[in-house]
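Read through the structure below, which is laid out as structure tokens, and then see the notes.
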Amino acid sequence: MEISVREPTDAEPETFETYPIWSCEKSKFPWTYSSTEQCLIIEGEVTVKTGTGEVSFGSGDLVTFPAGLSCTWIISRAVKKYYTFLD
């Protein structure tokens with residue numbers, strides 16, 4: 001189970017603007033994904049640690065978290081993201 005981080009295509013930001021927004025201040029917490037989540041980071045900096053390593057991302061990144069992933073979110077700069085569930 002790997003986290004995917006990439007630049008959005010030219011069309012994706014406009015699509016994501018129709019999705020809900022989630023935000024969180026600087027913090028650290030465990031999380032498990034019951035569904036695949038895709039999000040577009042509007043602002044902030046995050047490192048997500050899994051059993052196999054860690055992934056960092058921030059403003060402008062499109063991130064996909066697979067269903068079943070257990071991880072720890074470490075928010076170093078308050079985050080705001082558009083998000084949607086794919087399954």
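Read the figures in this text as sums done on the coordinates, not as results from a lab. Treat the numbers as computed from the prediction; the structure is a model and nothing was measured. A quick note on method: Cβ atoms are made from the backbone with ideal geometry, for glycine too, and the neighbour counts reach across all protein chains shown.
About its Cα centre, what dipole magnitude does the range 1-60 give when the only charges are +1 on Lys and Arg Cβ and -1 on Asp and Glu Cβ, stated in debye to the nearest 20? Please report the intermediate quantities before stating the final value.
On the way: 4 positive and 11 negative charges, 81 e Å.
Charge dipole, the range 1-60, about its Cα centre: 380 debye, nearest 20.
Between 82, 50, 9, whose Cα lies farthest towards the positive end of the dipole of the chain when Lys and Arg beta carbons carry +1 and Asp and Glu beta carbons carry -1, centred on the Cα centre?
Checked the options; the winner is 50.
Using the Karplus curve 6.51 cos²θ - 1.76 cosθ + 1.60 with θ = phi - 60°, work out ³J(HN,Hα) for each residue of the range 35-49 in order, rounded to whole Hz, and write x for Gly and Pro.
Computed from phi, the couplings for the range 35-49 are 9, 5, 10, 10, 9, 10, 6, 8, 7, x, 9, 9, 10, 10, 9 Hz.
Relative contact order for the range 4-85: what is it in percent, counting Cα pairs under 8 Å that are at least 6 residues apart?
On the way: 202 pairs, mean separation 36.9, N = 82.
Worked out over the range 4-85, it gives 45 percent.
Starting at the first residue of the range 51-56, write each ³J(HN,Hα) from the Karplus equation 6.51 cos²θ - 1.76 cosθ + 1.60 with θ = phi - 60°, in whole Hz, x for Gly and Pro.
Each residue of the range 51-56 in turn: x, 10, x, 9, 9, 10 Hz.
Apply the Karplus parameterisation 6.51 cos²θ - 1.76 cosθ + 1.60, with θ equal to phi minus 60°, to every residue of the range 62-70 and state each ³J(HN,Hα) to the nearest whole Hz, in sequence, with x for glycine and proline.
Values per residue, Gly and Pro as x: 9, 10, 10, 10, x, 4, x, 6, 10 Hz.
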